[in-house]
Every structure is written in structure tokens, then in C-alpha cells.
Amino acid sequence: MFSNYVAIFTVTLMCSVFLVWSQRWHGHFSLDAAGGVQNHHKLPTIRIGGVSIAMGLLVAWQVAEPDVRVILGPMLMAGLLPFAFGFAEDITNKVGIFPRLIATMASGFVAWLFSGVAMRHTGLPPLDWLLQFTPLAVIFTAFAVGGVVNAINIIDGFNGLAVGSVAIMLSAMGLMALREGDAPLATLCFSLAVCALGFCAANWPLGKLFLGDGGAYLLGFLVAWVAVMLPMRHAEINAWATILVCAYPVVEVAFSIHRRKKRQRSHTGQADKLHLHHLVHRRLICQVLPDLSAELKNGFTSPLCWLFVAMPAAVAVHFSHDTAMLALAFGGVVLTYSAIYARLSQFRWCLTAYTLRHSKSELQP
């Protein structure tokens, strides 16, 4: 088993290194130029790291036991859809937000077709009653999957942030599966986490290679589908447990949509530098470690954000059967996020309408 993890990690890492080394052959279409709205890199950087993730996943499928392949196979086939649309955007910059959003939601529908799994138990009795009607369950599942996939893409803003977060989330869900005696799903989760870590070894802290939309969408789909499967395979695990595991990216995307709606002349899909990780970078890392190079400041932002992923994930693992504690913890994540965001953006501990419409971090370096 350990040798399988080593193979997945090694292949993902070596493919990542090869992409960086060979950029003179493909750089004309794979380089991400510096200077974009959300870019923090100073030099053009390869943004097709999703290829490395895909290769690592193929190895994971190749070395997996039959009971793991039964789960992983449908996931990989469904994951091809968001990966393809994201990769097309990476190399052309011409795939709009709406087609990519539809592709990420459609991946949940495709996964249901292949596996027959859909969200039917959420811990909310009225909603669960409605979800017994299969069409509603499939639509709800597709919407939830699309939301998580895009949430992972949103937090892909600094070296190692997204892949490190994905590894933490998958490991947490793997521990939950292991505790329920579901060895195949636990093995799958750990294999996917190792794949993410293989890429992270090449990406963090210096950012020689980026996930791109293809890689972020693919990893986001894997996280989302495991989050759907786990409580459906084990009714004793409350769906709030996997929601809590994914709390940081989910809260980030929900808050970003709300914030952009409040700001004048701002579209909900418009990129900006006002996510929590941008504020952590600007207000904490750049202030506390001013002498570091720009690349290291970029990389050292991620560990602080990983903590915001790891803490609710740890609570979810411990209280995976306790609906009240899980819901309370999710509320705590929302309040903590709001307080930290207000503190970093407006130097106060509570959000106001002004905080949502403006940000001092937007006006000052």
C-alpha cells in the first residue's frame, strides 16, 4: 500500500518537473503572463499543472485494488468534463465563466449517471424529504458539486494554497471513512491527497508551476464527489461533516458573491484581490516578513490559510456523527471568517455595509 502512495506522489512530482523543464516547447500556449488582476507572480509561469494531476490520477487508478477502482473509475470519467473545460481556458483564455460553471455542475450529473449516487440526506428533514424525489436529488447534487469545484478554483490564488487545502480535506474525509471501516473509500481519499501533495512539492513555495483552471477544477470535483459519497455510503456520518470539511472554500465563494453584489458596478464573476488569502498576504505576510522575496511571501501565505482549512476539518472528523456540533462549528467558521476579514480589511472585528462595499486594502498597498 505504501509503495502505491510513493508511486502516485513520484509520478505527479516528476510530471510537474518535466512540464517546467520543457516549457520552451509548449510555453507559447501554456505560460500565464504576470500582471493579471489576481496574479502575484513576477515572471510568466506554466499554468497547465492539471496535466500532472491527471497523470498522477491515472497511476492511482492503475495501482489501485479492484474495490478502489470501482469507486475511482466513475469519478475520473466524470472529472474529465470540468478538466477539459478548465484546460481549454488555460491554453486559450477564451472559455467564458458561464460555460465553465455549467461544465462543473454537469460533472455532478455525469457522476450520478455512472455511480447512481446523489445527495439524499443533508441533516435537514424538510430538504431530505424533497430529495427522495430523484430528479430533485440529482439537481441538488449537481449544484452542490459545481459550487465546491468553483470554490476550490477561487482559493487557488497563492503557491500551494489550493493543493494543500485539497490534501487536508481529502485526508480528513479519508479518516472518517477509515473510522467507519470503509477501507476502499479511505484508500481512495489518501491516494488523491498524495497526488495533490506530489504537485504541491513542485508548486510550493516558489510557484514554478500553476494548477490552472484544469487542475483546480479536477481536484475540486474529486473533493466534491467524495464529500457527496461519504455520507451517502455511511448514513451515520452527517452531511454537515463533509460540509464542514469544505467550509473554508465554501464560505469564501459565498462571501465573495455577497461582497461583489454589495459593491457598486461589480459583477459577481469579476476577479479581484479582495479574497481572504489576498488580505492575509498583504496585511500579515508582507508586513511581518517584509525582507522576503516576492516568491517566498507568496508561498508563506498558504500555511496560514491551511490552518483555516485544518481546524474545521479536525472538528468534522471528531464530531462526524453529531449534527448539532457540526452545524454549530460551521456557524463558528462563518463568524471567524467574517471577523478576520473585517479586521484585515477595515481594522475592526465586525463587518459593516461599508466593509462589503469598500476595502482599505483596495486603496492602500
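A few comments on the model shown:
- Flag if L274 is modelled with pLDDT under 90, farther than 24 Å from G160 by Cβ and of a type in the set (A, V, I, L, M): no
- Out of S171, S165, sole residue that is within 23 Å of G86 (Cβ to Cβ) and hydroxyl-bearing (S, T, Y): S165
- Spans of helices (runs of 4 or more DSSP H) in region 59-167 with at least 1 residues touching a strand residue (DSSP E or B) at 6+ places or on another chain (Cβ under 9 Å): 66-92
- Against the test of being buried (at least 20 other Cβ atoms within 10 Å of the Cβ), closer than 18 Å to T301 by Cβ and more than 16 Å from the chain's Cα centre (by Cα), the options L161, L209, L188 yield a single qualifying residue, L209.
- Boolean, L130 is farther than 30 Å from L274 by Cα, touching a Leu at 6+ places or on another chain (Cβ under 8 Å) and free of Cβ contacts under 8 Å to residues at least 12 places away in the same chain: yes
- Checking each residue in region 215-247 for being more than 16 Å from the chain's Cα centre (by Cα), of a type in the set (A, V, I, L, M, F, W, C) and closer than 18 Å to A329 by Cα picks out I237, A239, W240, A241.
- A202 being touching a strand residue (DSSP E or B) at 6+ places or on another chain (Cβ under 7 Å), in a helix (DSSP H, G or I) and modelled with pLDDT under 95: yes
- Filtering L130, L136, L185 for residues that are out of contact with any Ser or Thr (no Cβ under 9 Å at 6 or more places or on another chain) and within 26 Å of A60 (Cα to Cα) leaves a single hit, L185.
- Residue pairs meeting the criteria (Cβ under 9 Å; at least 6 apart or on separate chains; first under 15 Å from P135 (Cα atoms) and touching a residue at least 24 places away in the same chain (Cβ under 8 Å), in region 107-125; second in a loop (DSSP other than H, G, I, E, B) and β-branched (V, I, T)): A111/V117
- Within region 237-261, the residues that satisfy the criterion of being closer than 19 Å to D182 by Cβ and touching an Asp or Glu at 6+ places or on another chain (Cβ under 8 Å) are I237, N238.
- Qualifying residue in region 215-227 (condition: among the hydrophobic types (A, V, I, L, M, F, W, C), assigned to a helix (DSSP H, G or I) and over 22 Å from G50 (Cα atoms)): no
The values are calculated or read from the model by the stated rules, or taken from the named source; none is laboratory data. Here the structure is a predicted model, which means the values were calculated and not measured. Positions of Cβ are generated from backbone atoms using ideal geometry, with glycine treated the same way; all protein chains shown enter the neighbour counts.
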